[in-house]
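First comes the structure, then the notes that go with it.
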Amino acid sequence: MGIALPQWIIEGKNNIWVLGVYGLVFGGALPAFVGRWWFGTRSKTKDGVSTRSAALFFRSIKEDSTLEELVATVGRAYEYESDNIKSMSSEVSAELDTLEKTITEKAPKLWDEATTVGSASLLKNSTVKQALILLFAHLLRLPVSTSLQKRM
């Protein structure tokens, strides 16, 4: 009677190595994999939103929030702090500046309120400012180049 395992696994002289491999797999690799999965899912809600952004939304958005406050809150979301955001080239920076000028011409009050609702330290972050500019450009239906569309 035999089992479908290679002969070298069931030999008595190799049992310490087989036991060591089982120990590594079930005592080290499997808990590490499950822990990484578990702590990775805790950083996102079931809808895929960052938990930090969700907390920001629940603290900032009230029943009587204005449109400007809503836009500012969405623009300050923590998803825009991602490490994989590409650095800006000079042409992208110039286009963002042009878009910001156009936004301030078309909706100066809205832009001022949205940028003052956000704290000054957040708006110094270039990715948060870029997100606000692109969000306003979308809401005002301003044309955006394909290079900027690919960035976000």
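Our estimate of slack between residue 47 and residue 141, defined as 0.36 nm per intervening residue step minus the Cα-Cα distance, is 31.1 nm. Computed from the Cβ-Cβ distance with R0 of 22 Å, the FRET efficiency linking residue 10 to residue 36 stands at 0.10. For the pair residue 64 and residue 18, label points projected 7 Å from Cα toward Cβ lie 7.4 nm apart.
Taking 0.36 nm per residue of sequence separation and removing the Cα-Cα distance, the residue 54/residue 102 pair yields an extension gain of 14.2 nm. Between amide H atoms placed 1.01 Å from N, distances below 5 Å from residue 44 occur with 51, all of them 5 or more places distant or on a separate chain. Fully extending the segment from residue 112 to residue 93 would add 4.8 nm, taking 0.36 nm per residue of separation and subtracting the current Cα-Cα distance.
Taken together, the values in this text are just the output of simple stated rules run on the coordinates, not laboratory data. This structure is a prediction, so every number in the text was calculated from the model and none was measured. Glycine gets a Cβ as well: all are built from the backbone with ideal geometry, and neighbour counts include every protein chain shown.
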